[in-house]
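A quick write-up on the structure given underneath.
The values are calculated or read from the model by the stated rules, or taken from the named source; none is laboratory data. From a predicted model like this one, the values you see are computed outputs, not experimental measurements. With ideal geometry, Cβ positions are generated from the backbone for all residues, glycine too; neighbour counts draw on all protein chains shown.
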């Protein structure tokens with residue numbers, strides 16, 4: 001659900017609200033809640049002023065111990081930016097905390113509030129840019145246990161990858177995500193972890209001899225009205241997120257019923273934990289050999305599907321996006337379609353953005369492509385990056401130019417957002433639809449939502 005920009009007659013609605021003599025009264029908060037938060041007002045020229053509100057449960061500064069309410073907005077106020085953490089401002093004498101920012105009208109992102117009794121602002125002793133970024137990252141993580149979603153936001157909240165509650169907002173011109181409308185508005189069937197027929201969900205434990213570990217795998221089929229052995233296959237990394245925290249089942253089924261996606265088999269692979277994720281999804285051949293030699297034969301028994309590479313998608317985000325392209329480039333005879341979102345193509349040097357010169361060991365996978373990896377294959381590649389992901393946007397832009405000059409077919413989309421599942425969920429469905437289409441058009445390196453690559 002997108003908040004409409006307040007009309008031009010109400011352009012100063014937030015200013016009027018915050019200067020009201022009734023600010024903080026029950027009636028005042030009812031007005032805030034009636035419109036839902038955050039408030040979005042048109043600033044003209046394709047921009048919107050966004051006002052976030054938080055109600056102090058303990059009252060004004062005279063009765064409450066809260067000294068700050070940190071606002072964590074994906075890639076705007078978090079560790080992805082060089083600025084220190086931002087706090088909402090208290091409206092003196094009231095229980096009202098607020099914070100305002102101006103954004104492009106097609107922005108989409110997630111956020112949370114972190115109330116704190118600490119009066120001191122964030123400080124760090126780090127003396128270099130990377131050390132400062134790492135300190136901010138560690139600071140945010142240490143405070144996530146106290147994070148809460150926005151209780152006045154009318155859309156469904158969810159639990160993020162770091163384990164804290166999040167709310168989302170999509171400004172009026174953000175790309176449509178119709179398949180997620182029921183989820184956002186608490187539709188009765190959306191958000192559930194067990195889908196309805198004709199879909200079928202199976203969950204089993206994959207005990208890998210090659211990797212020496214065990215994990216959950218979800219197999220989801222969206223119909224049996226076609227020859228089972230002809231159904232396309234999609235392998236989704238970070239399966240625990242897409243199965244449990246933001247379930248894909250209903251959006252996939254809806255898109256299938258509407259004819260936007262074929263009846264297919266989806267395999268969602270758990271990453272176990274962050275340590276295994278960092279080891280297995282960073283260009284690790286053992287992981288993908290285990291998938292091919294151990295996992296997929298078991299999947300074929302439970303859910304028959306096509307082994308045609310042209311019908312097989314590998315999809316992932318962040319390290320998963322890196323890993324998906326790595327799989328396609330190294331085993332094009334098995335994985336012919338790649339869906340990479342916010343791919344961490346900087347790996348293994350996260351600090352490269354803070355350095356004057358790009359280190360020799362940065363961007364390992366793009367350098368392998370420069371040396372000829374995948375030169376003889378012709379993959380379909382759908383890539384997406386957020387404009388506010390400073391490092392990831394930069395390396396994805398560079399990679400898109402490189403891939404655009406190859407035999408591969410590429411669609412590259414830059415969205416007005418960050419390193420954010422709220423953006424990924426729409427791009428994931430768009431990417432599946434594009435990759436499984438009869439024609440995969442690749443008119444240029446940059447598609448809708450992209451420009452010259454400059455933030």
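List of remarks:
- Note on region 58-75: among residues that are out of contact with any strand residue (DSSP E or B) (no Cβ under 6 Å at 6 or more places or on another chain) and under 24 Å from residue 13 (Cα atoms), the one that is surrounded by the fewest Cβ atoms within 10 Å (Cβ to Cβ) is 59.
- Subset of region 347-369 [in a helix (DSSP H, G or I), more than 17 Å from residue 315 (Cα to Cα) and within 24 Å of the chain's Cα centre (by Cα)]: 350, 351, 352, 353, 354, 364, 366
- Flag if residue 372 is outside any strand (DSSP E or B), modelled with pLDDT of 95 or more and on the phi > 0 side of the Ramachandran plot: yes
- For region 254-277, a residue qualifies if it is touching a residue at least 24 places away in the same chain (Cβ under 8 Å), assigned to a helix (DSSP H, G or I) and within 21 Å of residue 205 (Cα to Cα), and the qualifying residues are 276, 277.
- For region 136-145, the condition of being in the same structural domain as residue 79 (by TED's automatic domain parsing), assigned to a helix (DSSP H, G or I) and farther than 15 Å from residue 78 by Cα holds for at least one residue.
- Verdict on residue 347 being outside the structural domain of residue 165 (by TED's automatic domain parsing), under 19 Å from residue 75 (Cβ atoms) and modelled with pLDDT of 95 or more: yes
- Looking only at residues of region 108-136 that are over 30 Å from residue 182 (Cβ atoms) and buried (at least 20 other Cβ atoms within 10 Å of the Cβ), we find that the one that is modelled with the highest pLDDT is 115.
- With respect to the conditions (1) more than 30 Å from residue 104 (Cβ to Cβ); (2) over 24 Å from the mean Cα position of the chain (by Cα), residue 379 falls short on a single one, namely (2).
- Take the conditions (1) farther than 21 Å from residue 36 by Cα; (2) touching a strand residue (DSSP E or B) at 6+ places or on another chain (Cβ under 8 Å); (3) surrounded by 17 or more Cβ atoms within 10 Å (Cβ to Cβ); residue 171 misses just one of them, which is (1).
- Residues of region 29-60 satisfying the condition of being farther than 12 Å from residue 100 by Cα, in contact with a helix residue (DSSP H, G or I) (Cβ under 8 Å, 6 or more places away or on another chain) and touching a residue at least 40 places away in the same chain (Cβ under 8 Å): 32, 42, 55
- Residue selection: residue 139 fails the criterion of being within 23 Å of residue 388 (Cα to Cα) and at pLDDT 95 or above.
- Criterion applied to 324, 344 was being within 19 Å of residue 240 (Cβ to Cβ), assigned to a helix (DSSP H, G or I) and in contact (Cβ under 8 Å) with a residue 12 or more places away in the chain, and the one residue passing it is 324.
- The criterion of being in contact with a helix residue (DSSP H, G or I) (Cβ under 6 Å, 6 or more places away or on another chain) and modelled with pLDDT of 95 or more holds for residue 211.
- Of 280, 294, 250, all but one fail to be touching a helix residue (DSSP H, G or I) at 6+ places or on another chain (Cβ under 8 Å) and within 28 Å of residue 364 (Cα to Cα); the exception is 280.
- Residue match in region 289-301 (condition: part of a loop (DSSP other than H, G, I, E, B), out of contact with any strand residue (DSSP E or B) (no Cβ under 9 Å at 6 or more places or on another chain) and closer than 26 Å to residue 227 by Cβ): no
- Against the list (1) closer than 28 Å to residue 424 by Cβ; (2) part of a loop (DSSP other than H, G, I, E, B); (3) touching a helix residue (DSSP H, G or I) at 6+ places or on another chain (Cβ under 9 Å), the condition residue 125 fails is (1).
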